[in-house]
Amino acid sequence: MNILRFTHLFYFAFTWGLVFILIKPKRIVELLPISVLGIITLTIVDIFIITLNLYKFNKPLVNVWGAPLFHLLWAGAAALIFVNYMKQGFNRKIVTIIFFTIVTLILELIAEGAGVATRLGNFTHIHSALLDFATLVVLLWISEGLYGNRIYKNK
């Protein structure tokens with residue numbers, strides 16, 4: 001069996017490991033609803049790009065609406081880290097969003113190189129970066145609207 005098939009599982013385990021190393025347990029509990037929002041947001045985006053035949057996941061371990069389960073669960077940890085390090089102020093937010101967009105794009109490129117994901121049609125890296133950026137903006141917007149007090153508490 002090809003070890004590269006487990007790329008999304010590795011991302012999931014590594015990112016959740018970072019969550020438990022970098023973020024205090026009390027803070028994780030405070031931000032847990034945002035983790036759920038991250039999973040929901042990525043699920044919607046993945047359904048959108050899969051349905052439009054822009055992106056395809058190849059042989060996921062566990063398939064959820066065309067996307068790997070561990071890819072979707074990874075979004076929960078990624079959302080926790082993203083929001084935990086978010087600062088108030090437009091300039092700080094935009095820098096954080098751009099940084100996480102770049103990280104997400106790099107992870108996508110690695111997954112594509114491993115053969116577990118494929119771009120289809122004219123869906124380029126630029127399109128993917130713009131979609132990642134927009135997804136992070138929407139996630140932050142909803143998170144701040146619902147849980148702004150929790151995000152910026154003690155900062």
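The values are calculated or read from the model by the stated rules, or taken from the named source; none is laboratory data. Quick caveat, the model's predicted, so the values are computed rather than measured. Here Cβ is always computed from backbone atoms with ideal geometry, including for glycine, and neighbour counts include all displayed protein chains.
Things to note:
- Condition met for His8 (closer than 28 Å to Gly145 by Cβ, crowded, with 20+ Cβ neighbours inside 10 Å and at pLDDT below 90): no
- Hits in region 111-120 (condition: touching a residue at least 60 places away in the same chain (Cβ under 8 Å), surrounded by 13 or more Cβ atoms within 10 Å (Cβ to Cβ) and farther than 29 Å from Ile151 by Cβ): Ala114, Gly115, Val116, Ala117, Arg119
- Top-ranked residue of region 121-142 - restricted to ones that are out of contact with any Ser or Thr (no Cβ under 7 Å at 6 or more places or on another chain), crowded, with 16+ Cβ neighbours inside 10 Å and not aliphatic (A, V, I, L, M), ranked as modelled with the highest pLDDT: Ser128
- Test set (1) without any contact (Cβ under 8 Å) to a residue 40 or more places away in the chain; (2) over 30 Å from Asn58 (Cβ atoms); (3) surrounded by 15 or more Cβ atoms within 10 Å (Cβ to Cβ) - Gly145 fails condition number: (3)
- Here Thr96 meets each of (1) over 22 Å from Asn2 (Cβ atoms); (2) free of Cβ contacts under 8 Å to residues at least 60 places away in the same chain; (3) over 15 Å from the mean Cα position of the chain (by Cα) with one exception, condition (3).
- When the residues of region 55-69 are filtered to those that are over 14 Å from Leu9 (Cβ atoms) and among the aromatic types (Phe, Trp, Tyr), the one that is surrounded by the fewest Cβ atoms within 10 Å (Cβ to Cβ) is Trp65.
- Counted residues, region 99-109 - those being surrounded by fewer than 16 Cβ atoms within 10 Å (Cβ to Cβ) and either in contact with a helix residue (DSSP H, G or I) (Cβ under 7 Å, 6 or more places away or on another chain) or more than 22 Å from Ile3 (Cβ to Cβ) (or both): 3
- If you go through region 97-155 and keep only what is in contact with a strand residue (DSSP E or B) (Cβ under 9 Å, 6 or more places away or on another chain) and among the hydrophobic types (A, V, I, L, M, F, W, C), you end up with Ala111, Val116, Ala117, Leu120, Phe123.
- Looking across region 40-52, the residues that are in a helix (DSSP H, G or I) and of a type in the set (A, V, I, L, M) come down to Ile40, Leu42, Ile44, Val45, Ile47, Ile49, Ile50.
- Some residue of region 2-16 being over 27 Å from Asn122 (Cα atoms), touching a Gly at 6+ places or on another chain (Cβ under 7 Å) and among the hydrophobic types (A, V, I, L, M, F, W, C): no
- Picking from residues in region 14-31 that are free of Cβ contacts under 8 Å to residues at least 40 places away in the same chain and among the aliphatic types (A, V, I, L, M), the one that is surrounded by the most Cβ atoms within 10 Å (Cβ to Cβ) is Val29.
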